[in-house]
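Q: Below are the structure tokens for one structure; questions will follow.
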Amino acid sequence: MNKVRFWFQNARPISLPQSLLPAFTALALSYGAPEFNWIAAIASVAGVAFLHLSLNLLDDWFDYREGSAEARQKVSDEGFRGRMIKYPYLTSCEATPKQLLWAVVAFMLIAVVMGLAVFAIRGRAILIWAFAALIIGVSYSGGPLKLGFRGLGELAIFIMFGPLMMTGVYYAVTGTLDWKILWLSAAVGLLVTNIVYSHSVLDSVPDRKMGKKTMAHLMGSDRGQIVFSAILNTFPYLMTVAAVALGQLHSAYLAVLLVLPLSLWLVKSLDDFVNHREVPIEPKVWMGPMGDFQAYRKAGVDWFLLRWLTARNIVMMFCVIIIVVNLIFR
């Protein structure tokens, strides 16, 4: 049990809302459909979670091979601020790269077993989603594509955690697709992408020093980075308004606009960061849960996690509103 706990903690469960919130949202949207299947629902959501955890660990393995932690430390020693924590369990020798690979295989096998359960219910069509998720997930950090190092990581995240995952869960549970899941999976996907993009803005300088190209670098300038952040933080709401106007969604879904002020705050906060404005790093109740923020402050990553957790909480609030509205007005 200690080994299970060790690898679960190092698989970064803090990032699970990034996958589970879209999955639960798709599950809620599918609830009440004629072909709704509880076994497929449980298996698909569990499969999503374990695939996510396995890919987090696999990302550590690829980064270890690239010497990411050492490169980040060198950047820090040169006086550039960046998030330095990276696979500490390997650098501290608590685990070996071989053990890490076995942990990846173990989590992946659980995801495969869950996938086989869905396959038994829905047939071969579900393999399209499964193989696409595996290829995109591995290619995020792994060769030959290494999407996360070529400025295409955010695109991969959008596809993976938005349209691909949410339509996959929806199809697994119902055996069908509809316009509602297509509209909302794209909106949620943009907000999940916003988590990763905000990360890349905050780590823009260290990433560049390490030779890693992200979407933040493709924007070309500080202004370009903030403009793209504004797009990611406003388009999901505009899409929802458009879907309501076109009659694809109930007007009650406009309740997601309650989250818009937090999205606008994040854009402003990132603008402060890239323009080196000193602002208080203090979480507010309306920003959502922030975990043990005093521990983050002590570790020197409060400036990073305030923005990262805000981006995560935006997804959480957006999805919760969708779930509640769907249960009332489906």
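The values are calculated or read from the model by the stated rules, or taken from the named source; none is laboratory data. This structure is a prediction, so every number in the text was calculated from the model and none was measured. For neighbour counting, all protein chains shown are included, and Cβ atoms are generated from backbone atoms with ideal geometry for every residue, glycine included. The accessibility values were calculated without ligands, DNA or RNA, using every heavy atom of the protein model including side chains. Shrake-Rupley method; radii C 1.70, N 1.55, O 1.52, S 1.80 Å.
Q: As a test question: what accessible area, to the nearest 10 Å², does ILE328 have when a 1.4 Å probe is rolled over all protein chains in place?
A: For ILE328, the solvent-accessible surface is approximately 120 Å².
Q: Order LYS209, LYS298, LYS180 by their accessible area, 1.4 angstrom probe, all chains in place, largest first.
A: LYS298, LYS209, LYS180
Q: I need the phi-derived Karplus couplings for the stretch 100-115: 6.51 cos²θ - 1.76 cosθ + 1.60, θ = phi - 60°, integer Hz, Gly and Pro marked x.
A: With the stated coefficients, the stretch 100-115 comes to 4, 4, 5, 5, 4, 4, 4, 5, 5, 5, 5, 4, 5, 4, 5, x Hz.
Q: Over the heavy atoms of TRP183, what accessible area does a 1.4 Å probe trace out, to the nearest 10 Å²?
A: 60 Å²
Q: How would CYS319, CYS93 rank on accessible area, largest to smallest, probe 1.4 Å?
A: Heavy-atom accessible area, descending, gives CYS93, CYS319.
Q: Suppose R0 equals 25 Å; then what is the FRET efficiency for TYR89 and ILE281 from their Cβ-Cβ distance, rounded to the nearest 0.05? Don't skip to the end; give the middle numbers.
A: Numbers: r = 27 Å, r/R0 = 1.09.
After rounding to 0.05, the efficiency reads 0.40.
Q: State the extension gain, in nm to one decimal, for the chain segment bounded by ILE231 and ILE121, taking 0.36 nm per residue of separation less the distance between their alpha-carbons.
A: That pair, ILE231 and ILE121, stretches by 35.7 nm at full extension.
Q: Now, a different point. Bin by bin, in steps of 10 Å, what percent of the Cα pairs in the chain do you find, going until the bin that has the longest distance?
A: Spelled out per bin, shortest first, that is 6, 25, 34, 25, 9, 1, 0.
Q: How much length, in nm to one decimal, is gained on full extension between VAL241 and ALA132, taken as 0.36 nm per residue of separation minus their Cα-Cα distance?
A: Contour length minus the Cα-Cα distance gives 36.3 nm.
Q: So, one more: Quick check: with the 1.4 Å probe, what order do ARG297, ARG330, ARG307 take by accessible area, largest first?
A: Details: ARG297 80, ARG330 145, ARG307 5 Å².
Ranking ARG297, ARG330, ARG307 by accessible area, largest first, yields ARG330, ARG297, ARG307.
Q: Follow-up. Can you work out ³J(HN,Hα) from phi for every residue in the stretch 159-172, in order, using Karplus 6.51 cos²θ - 1.76 cosθ + 1.60 and θ = phi - 60°, giving whole Hz and x for Gly and Pro?
A: 5, 5, 9, x, x, 5, 5, 6, 5, x, 5, 4, 5, 4
Q: In addition: Each residue of the stretch 127-140 in turn: what ³J(HN,Hα) in whole Hz from Karplus with 6.51, -1.76, 1.60 and θ = phi - 60°, glycine and Pro shown as x?
A: My calculation for the stretch 127-140 gives 5, 4, 5, 5, 5, 4, 5, 5, 5, 5, x, 5, 6, 4 Hz in order.
Q: Stretched out fully, how many nm does the piece from ARG5 to VAL301 gain, at 0.36 nm a residue minus the Cα gap? Intermediate values should be presented prior to the final figure.
A: Working: separation 296, 0.36 × 296 = 106.56 nm, distance 2.38 nm.
Result for the pair: 104.2 nm of gain on full extension.
Q: For the chain, with only Lys/Arg (+1) and Asp/Glu (-1) charged at the beta-carbon, what is the dipole magnitude about the Cα centre, in debye rounded to 20?
A: 240 debye
Q: Given H placed 1.01 Å from N in the peptide plane, which residues other than close sequence neighbours of ARG12 have an amide H under 5 Å from its amide H?
A: Residues meeting the amide H criterion: none.
Q: Positive end of the charge dipole of the chain (Lys, Arg +1 and Asp, Glu -1 on Cβ, about the Cα centre): tell me which of ASN10, VAL201, LEU152 has its Cα farthest that way.
A: ASN10
Q: Separate question: For the pairs LYS98/LYS212; LYS3/LYS213; LYS212/LYS298; LYS98/LYS146; LYS180/LYS298, flag any whose C-alpha to C-alpha distance is greater than 32 Å.
A: As for pairs spanning more than 32 Å Cα to Cα, those are LYS3/LYS213; LYS180/LYS298.
Q: Under the definition of Cα pairs under 8 Å and six or more residues apart, what whole-number percent is the relative contact order of the stretch 105-231?
A: Values: 115 pairs, mean separation 29.2, N = 127.
Across the stretch 105-231, relative contact order equals 23 percent.
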